[in-house]
Each structure stands twice: as structure tokens, then as C-alpha cells.
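Read the structure below first, then the notes.
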Amino acid sequence: SSSSAAAAERRPGSHKGFVEEMRFVAMRLHTKDQAPREGQMEEAALPIQEWRPRKEDYLQFLVDSKAVYDFMEARMADADAAWLHEFTSTGLERGAALDKDIQWFRMLDFDVPPPTPAATKYIAYLQELVRDKPNAFLCHWYNYYFAHSAGGRMIGRMMSNLLFEGKEFEFYAWEKDVKEILGEVREKIDRVASDWPRDVKDECLNETSLAFAYSGTVLSNLAK
Ligand code: HEM
């Protein structure tokens, strides 16, 4: 019957809303090492527990992260697709916080490097995407900010204990309970995407693997 055909086409999580669909796709792309319950991908070359970056590598990771966040935060404010403007001042923004953390390194006489070619390449990709397929751009935005609130936070704690005697970086300090902010943003995404046709939703979901691949290149500053 036509109703069972519709059911067969239904995407996992779609009964709850579009964010849940995005989350489902993202969780499947985690390695077992990253998210033991849901990850299905092969192990990464170097498991997280074995990462031994230098302070300079962490600084490079912050610089690359700031470049990407600054780009996303600017585009959310001025994108041609006006509906993206809803995602400004959500409380998830990280550019200003990263600026403070990078200043701290500068104060300690570290040379602050420019973003790596990997980060620059990601931004160039996003630049095209936000112009041509703003709905697919939202997938990168979602994954980048939500990943930071979950695994990113865990990695930050590890790195801080390993290299900085447990220093609390601003990168991981939100102005209110981050869970609360994520809840508000989830509702916003669900609202914005509620009238997207199926093919537009799928185009967004299909960006998830690129979001992982590109943010993996930023993370690879630490995976050494
Ligand atoms: C959630 C770990 C990389 C996107 C999570 C969770 C963990 C985790 C523990 C929470 C799982 C749960 O709620 O059951 C990690 C680790 C990573 C990593 C250790 C790398 C070493 C990534 C990357 C992306 C990503 C590269 C995408 C760019 C997400 C998303 C969620 C998530 C979207 C869902 C967050 C939410 O619903 O609140 N991750 N992850 N993660 N991760 Fe990752």
C-alpha cells in the first residue's frame, strides 16, 4: 500500500524531528573508539587515548577551530538565505572565546600560526556551500557546534590535563548550561526544517560525512 511505502522511506529519527535525523546519521559515523554505543566506523589510525600532541599542536587546533567558527558565525549573520540569520546569538558561538584562549598563548610568548591549509580548504568549501545549498550548510553548522559540545569537550579535558595542568579554556565555557542552549537550538532547527521537502532534507543529511571528513582534518592537529 502507499502508506507502507511511505513508512519504508521514513528516515531513522524522523518521527521526532529533523535534528534527530541529523543526530542519527552523525552517530553512525563515529568510530567505536569515539562513541562506544553507537559508532560503527572502523577504528581511527591512532586511538584518542594515545594522542600525544605538543602545546603548539593544541594552539594550531585552536587557531584552525577559530577560523572555521569565525566563518560560520559571520555567514549566519549575513547569508543570502535569511532563515540562517535565526542561528545568530544562539549562545553556541565560539569565535570570541577562542580569541581569548589564543591571546593567552600569545601572552606566554607562543608564536600564533596562521590557519593550516586544511582549515582554509574547509572554509573555501563552506563558502561555496552556503551560497549554493544553504540547507546543506546547516548540516556542517549543526555537526561542528554539537560535536564540540560532546566529544570536543571530552577531548579538551584530556588535552588540558595532558598539557596545561587542567587549565579551563574559554573554548569549553558557555555563558549558560550548554545543554539548555542545545535544546533551544534543536527546536529552532526542527522549526526551520519542518517545511523542507524530503529531497532538501536528504541533501542536508548527505553532507554529514563531509562534515566529519573536514572536521577530522582540524582534529588531526591533535591526533599525533
Ligand atoms: C555526540 C564523541 C567526533 C558529531 C558525541 C558523543 C560523544 C562523541 C561521546 C555523545 C554521544 C551520546 O550522546 O550518546 C566524539 C569523539 C570524537 C567525535 C571522541 C572525535 C575524536 C565528532 C565529529 C563530529 C561529531 C568529527 C562531526 C563533525 C557529533 C554529533 C553528536 C555527537 C552531531 C550529537 C550531539 C548531540 O546530540 O548533542 N560525540 N565525537 N563528533 N558527535 Fe561526536
Consider only pairs whose beta carbons are under 6 Å apart and that are at least six residues apart or on different chains; among these, list those whose first residue lies in region 139-165 and is charged (D, E, K, R) and whose second residue is open to solvent by less than 60 Å² (accessible area, probe 1.4 Å). 153/172
Note on residue 187: of the conditions (1) within 14 Å of the ligand (Cβ to nearest atom); (2) touching a residue at least 40 places away in the same chain (Cβ under 8 Å); (3) open to solvent by 40 Å² or more (accessible area, probe 1.4 Å), unmet is (2)
Looking for something surrounded by 19 or more Cβ atoms within 10 Å (Cβ to Cβ), of a type outside the set (A, V, I, L, M, F, W, C) and over 14 Å from the mean Cα position of the chain (by Cα) - is there at least one such residue anywhere in region 95-117? yes
Can you confirm whether residue 179 is within 16 Å of the ligand (Cβ to nearest atom) and either open to solvent by 40 Å² or more (accessible area, probe 1.4 Å) or in contact with a strand residue (DSSP E or B) (Cβ under 8 Å, 6 or more places away or on another chain) (or both)? yes
Go through region 17-40 and report how many residues are at pLDDT 80 or above, out of contact with any Cys (no Cβ under 8 Å at 6 or more places or on another chain) and either open to solvent by 40 Å² or more (accessible area, probe 1.4 Å) or within 14 Å of residue 209 (Cβ to Cβ) (or both). 12
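Out of 50, 56, which single residue is open to solvent by less than 100 Å² (accessible area, probe 1.4 Å), of a type in the set (Asp, Glu), modelled with pLDDT of 85 or more and out of contact with any strand residue (DSSP E or B) (no Cβ under 8 Å at 6 or more places or on another chain)?
56
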Residues satisfying the stated conditions in region 153-165, i.e. open to solvent by less than 20 Å² (accessible area, probe 1.4 Å) and either within 10 Å of the ligand (Cβ to nearest atom) or within 8 Å of the chain's Cα centre (by Cα) (or both): 155
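Of the residues in region 39-85, how many are within 19 Å of residue 144 (Cβ to Cβ) and either among the polar types (S, T, N, Q) or not in a helix (DSSP H, G or I) (or both)?
7
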Scanning region 191-222 for residues that are open to solvent by less than 40 Å² (accessible area, probe 1.4 Å) and part of a loop (DSSP other than H, G, I, E, B), the one nearest to the ligand (Cβ to nearest atom) turns out to be 222
Please find, within region 74-104, the residue that is nearest to residue 130 (Cα to Cα) out of those that are of a type in the set (D, E, K, R) and touching a residue at least 60 places away in the same chain (Cβ under 8 Å). 75
Given (1) within 25 Å of residue 182 (Cβ to Cβ); (2) among the hydrophobic types (A, V, I, L, M, F, W, C); (3) open to solvent by less than 60 Å² (accessible area, probe 1.4 Å), number of the condition residue 124 does not satisfy: (1)
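The values are calculated or read from the model by the stated rules, or taken from the named source; none is laboratory data. Predicted model only: the values in this text are computed from it and were never measured. Every residue, glycine as well, gets a Cβ built from its backbone with ideal geometry; the counts of neighbours run over all protein chains shown. The protein model used for the area step is the full one, side chains on, heavy atoms only, and it has no ligands, DNA or RNA in it. Shrake-Rupley method; radii C 1.70, N 1.55, O 1.52, S 1.80 Å.
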